[in-house]
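The structure appears right after this line, and notes come after that.
The values are calculated or read from the model by the stated rules, or taken from the named source; none is laboratory data. None of these values were measured; they are calculated from a predicted model. Cβ coordinates were reconstructed from backbone atoms using ideal geometry, including for glycine residues, and neighbour counts include every protein chain displayed. Surface accessibility is based on the protein's heavy atoms, side chains included, excluding ligands, DNA and RNA. Shrake-Rupley method; radii C 1.70, N 1.55, O 1.52, S 1.80 Å.
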Amino acid sequence: MCGIIGIAGTQDAAPQLVEALRRLEYRGYDSAGIATLVEGRIERRRSPGKLTQLDRVLQQKPLGGRTGIGHTRWATHGAPTESNAHPHASRRVALVHNGIIENFRELRSALIAKGHHFESETDTEVAVHLVTDLLDQGLAPVEAAREAVRQLTGAYALAMIFAGHEGLVVGARKGSPLAVGYGDVEAYLGSDAFALAPFTHRVAYLDDGDVVVLHGPKVEIFDSAGQPVQRQIRMTTASAGLVDKAGYRHFMAKEIHEQPEVIAHTLAHYLDPSALVVQLREPEVIEVLRHASRLTISACGTAFYAGLIGKYWFERLARLAVEADVASELRYREPVYPAGGVALFISQSGETADTLAALRDAKASGQTTIAVVNVPESSIAREADIVLPTFAGPEIGVASTKAFTCQLSVLAALAIAAGRARGVIEPDREHALVASLLEIPRHIVEFMTQEETVEALGGDLAKARDVLYLGRGVNFPLAMEGALKLKEISYIHAEGYAAGEMKHGPIALIDENVPVIVLAPHDTWFEKTVSNMQETMARGGKVILISDVAGIAAAGEAAYANIPVPAVDPTFAPLLYAVPVQMLAYYMALAKGTDVDQPRNLAKSVTVE
Ligand code: G6P
């Protein structure tokens with residue numbers, strides 16, 4: 001998703017702007033650009049494609065100037081071309097934008113009627129002409145920006161610079177995130193604290209409706225009523241060092257391998273390993289879950305599949321009625337929220353537009369809201385009643401891996417705590433469950449020794465056009481997550497199904513060209529899943545069985561290939577089985593030669609609906 005940076009600086013802005021944009025790359029983008037003031041004039045450089053292409057443009061035509069803005073664009077209105085890339089500019093103002101301006105058609109018609117000439121297909125350009133029009137009417141830059149923002153509807157963040165106004169950067173936030181960085185002699189705007197980390201750790205997050213004015217190092221913030229306001233300045237923990245690949249070929253590979261460590265780190269926050277109990281540092285959540293009449297779980301993408309696995313856990317371990325839905329549906333389908341209900345939202349970035357909107361809606365409907373998030377300063381974290389952090393660290397690969405298993409870790413701990421609070425789980429059972437959870441990181445490390453098997457299999461299966469994933473119970477949502485992972489990074493069509501649903505449709509697809517990945521720990525339902533495997537194999541299907549030693553032995557010789565994993569408590573199997581599933585997707589994508597870390601069309605943080 002688009003990333004924004006603005007600098008009211010004292011040194012050459014271009015290298016700083018590009019450095020910050022590089023830190024926003026992880027959000028996903030397909031063109032980039034920067035603009036600065038050179039002797040009072042607006043100059044810009046833009047390029048479709050990745051930042052290396054913008055670097056090339058800057059080498060050929062360097063850009064001076066100390067005041068500037070920059071942008072990575074994830075195309076929504078208009079293709080990722082140079083003319084659609086930001087900054088958009090007139091002779092008077094240059095502007096970058098994240099989000100969507102909903103009333104751009106009406107505004108554009110009115111501005112065209114007034115003689116404005118549009119050069120791009122973007123919704124953003126309307127803001128440029130609107131500000132220019134107001135400047136031409138005699139308004140000063142800050143007033144013109146404020147008046148323009150008043151006329152825009154939608155969800156957006158903006159940053160702009162003005163010809164002839166050295167040191168001035170104006171920003172606005174409505175819906176999309178925007179942070180202000182406080183330096184000693186400079187001030188900054190950025191989509192997140194991570195982008196600003198090379199320059200400063202003193203950061204304030206704007207509220208919706210805020211307009212911010214940077215005059216060199218001086219920062220003024222105005223609320224939606226135009227009143228001067230202070231927003232709390234926090235010291236961020238975002239690291240200034242560029243997150244690097246630590247010797248791995250891709251961030252995704254690094255993040256897959258980090259899972260034993262980050263899961264252990266996350267579990268350490270929620271579990272007491274000596275007493276073998278869940279020990280929440282957010283104790284209010286216990287009372288909330290004890291009395292909950294129902295739990296609603298919502299999220300998008302991979303985080304939603306974590307939520308679906310959580311549904312099985314809360315039902316089984318805490319006998320709590322759970323409803324789970326993707327946020328883009330929940331927010332619009334007029335759900336019936338019960339009195340005394342609790343709503344739990346899961347998000348790596350904490351900025352996903354649909355998840356945030358669903359949270360606001362649930363809150364307005366009287367639900368106590370809990371957020372499981374990886375970015376503690378994010379909008380979702382700030383708006384939820386209770387925040388349960390994951391400790392995955394920055395996740396750069398667009399396809400979520402370690403954030404997912406950390407989300408599962410929190411949900412597992414929370415479900416056990418809810419079970420205790422609701423009198424469903426006795427202390428002995430709690431000890432056993434906590435002990436099983438604590439063993440997961442070690443089992444993942446053990447599984448990693450199978451990496452070469454998965455790599456070879458990935459190369460072999462990469463020719464497939466369609467792939468099916470099957471699982472039962474807690475492994476059904478993981479089957480859907482496996483299919484999502486594969487399609488995201490390899491562009492191979494994949495579907496995740498409940499194993500028992502095979503006969504009701506997908507079996508029609510089976511032939512020798514369709515690999516069927518079966519996720520089946522040797523649990524109570526194993527025999528049933530084996531029957532589904534047999535049905536597949538009888539039709540020539542290539543079954544790849546992911547199971548423990550007992551499961552592989554019980555299934556016999558029939559599978560095309562086996563991926564052995566250590567035996568674990570089947571309740572928490574998804575935490576371990578996620579890893580072979582991610583690894584298989586990774587090696588299939590690698591064999592196909594796709595851009596694993598930044599797959600086409602995808603964004604890391606989806607801040608538009
Ligand atoms: C995008 C990302 C996914 C992620 C989803 C939800 O689609 O590409 O990896 O699962 O958004 O993001 P969130 O930050 O809310 O977890």
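Put His165, His250 in order of accessible area, largest first, 1.4 Å probe: what do you get?
Descending order: His165, His250.
Starting at the first residue of the range 268-276, write each ³J(HN,Hα) from the Karplus equation 6.51 cos²θ - 1.76 cosθ + 1.60 with θ = phi - 60°, in whole Hz, x for Gly and Pro.
4, 6, 10, 10, 9, x, 7, 7, 6
With the contact rule set at Cα under 8 Å and sequence spacing of 6 or more, what percent relative contact order holds for the chain?
Numbers: 1418 pairs, mean separation 70.9, N = 609.
Answer for the chain is 12 percent.
Only four residue types carry charge here, +1 at the Cβ of Lys and Arg and -1 at the Cβ of Asp and Glu. Report the dipole size of the chain about the Cα centre in Debye, rounded to the nearest 20.
The calculation lands at about 760 debye.
Ignoring ligands, DNA and RNA, please state the percent of accessible area on the range 339-497 from carbon and sulfur, probe 1.4 Å.
The computed percentage sits at 52.
What nm distance separates the two modelled labels at Arg465 and Ser365, each placed 7 Å from Cα along Cα→Cβ?
Label-label distance for Arg465 and Ser365, simple model: 4.2 nm.
Find how much the distance from His431 to His117 grows on full extension, using 0.36 nm per residue of separation minus their present alpha carbon separation; answer in nm with one decimal.
Here the answer is 106.1 nm.
Could you tell me what percent of the accessible area of the range 519-609 is made up of carbon and sulfur, with a 1.4 Å probe and every protein chain present?
The C+S portion of the solvent-accessible surface of the range 519-609 is 51 percent.
Based solely on its DSSP helices, what 222 nm [θ] is calculated for the chain when runs of n ≥ 4 H residues each add -39,500 (n - 2.57) and the sum is averaged over all residues, nearest 500 deg cm²/dmol?
Working: 20 runs with 232 residues, N = 609.
Rounded to the nearest 500, it is -11500 deg cm²/dmol.
Once you have the Cα-Cα distance between Glu284 and Ala140, take 0.36 nm times their residue separation minus that, and quote the gain in nm to one decimal.
Details: separation 144, 0.36 × 144 = 51.84 nm, distance 4.98 nm.
That pair, Glu284 and Ala140, stretches by 46.9 nm at full extension.
Quote to one decimal, in nm, the extra length available between Arg319 and Leu509 on full extension: 0.36 nm per residue of separation minus the C-alpha distance between them.
Gain in length upon complete extension: 64.7 nm.
Counting only other residues whose beta carbon sits under 14 Å from that of Asp523, what net charge do I get with K and R as +1, D and E as -1? It would help to have the intermediate numbers written out before the result.
Working: positive: Arg316, Arg472, Lys528; negative: Glu527, Asp548, Asp569.
Here the charged neighbours net out to 0.
State the Cα centre-to-centre distance between the range 45-110 and the range 211-227 in whole Å.
Between the Cα centre of the range 45-110 and that of the range 211-227, the gap is 23 Å.
Given a 1.4 Å probe and every protein chain left where it sits, what share in percent of the accessible area of the range 152-262 is carbon and sulfur?
51
Any chance you could check the Cα centroid distance between the range 576-609 and the range 545-572 for me, in angstrom?
One Cα centre to the other: 25 Å.
Evaluate E = 1/(1 + (r/R0)^6) for Glu452 and His493, where r is the Cβ-Cβ distance and R0 equals 25 Å; express this FRET efficiency to the nearest 0.05.
0.40
Quick check: net charge around Gly393, other residues with Cβ under 10 Å of its Cβ, Lys/Arg +1 and Asp/Glu -1?
-3
Counting only other residues whose beta carbon sits under 14 Å from that of Ala157, what net charge do I get with K and R as +1, D and E as -1?
-2
Where a Cα-Cα gap under 18 Å defines reach, which lysines qualify for Lys503, not counting those fewer than 8 residues away within the same chain?
Excluding near neighbours in sequence, the set is Lys528, Lys542.
Take the Cβ-Cβ distance between Ala225 and Ala553 as r, set R0 to 45 Å, and report the resulting FRET efficiency rounded to the nearest 0.05.
Using R0 = 45 Å, I get an efficiency of 0.05.
Could the peptides 58-64, 210-216 be put in order, highest first, of the mean number of other beta-carbon atoms found within 10 Å of their residues?
Top of the packing list down: 210-216, 58-64.
Can you tell me which lysines have their Cα less than 16 Å from the Cα of Lys487? Leave out same-chain residues fewer than eight positions away.
Cross-link targets: Lys463, Lys592, Lys604.
Among 429-437, 579-587, 331-339, 190-198, how do they line up by average Cβ neighbours within 10 Å per residue, starting with the highest? Can you show the working numbers first?
Working: 429-437: 18.7, 579-587: 27.2, 331-339: 14.2, 190-198: 25.7.
So the peptides 429-437, 579-587, 331-339, 190-198, ranked by packing, come out 579-587, 190-198, 429-437, 331-339.
What number comes out for accessible area per residue over the chain if the probe is 1.4 Å? Units Å², please.
Details: 22080 Å² over 609 residues.
Per-residue value: 36 Å².
If you average the alpha carbon positions of the range 270-294 and of the range 437-480, how far apart do those two centres end up, in angstrom?
So the separation of the two Cα centres works out to 31 Å.
Do the alpha carbons of any pairs in Lys245/Lys485; Lys218/Lys402; Lys311/Lys485 sit beyond 29 Å of each other, and which pairs?
Pairs exceeding the cut-off: Lys218/Lys402.
For the pair Val336/Ala275, report the inter-label distance in nm, with labels modelled 7 Å from Cα in the Cβ direction.
With each label placed 7 Å out from Cα toward Cβ, I get 4.0 nm.
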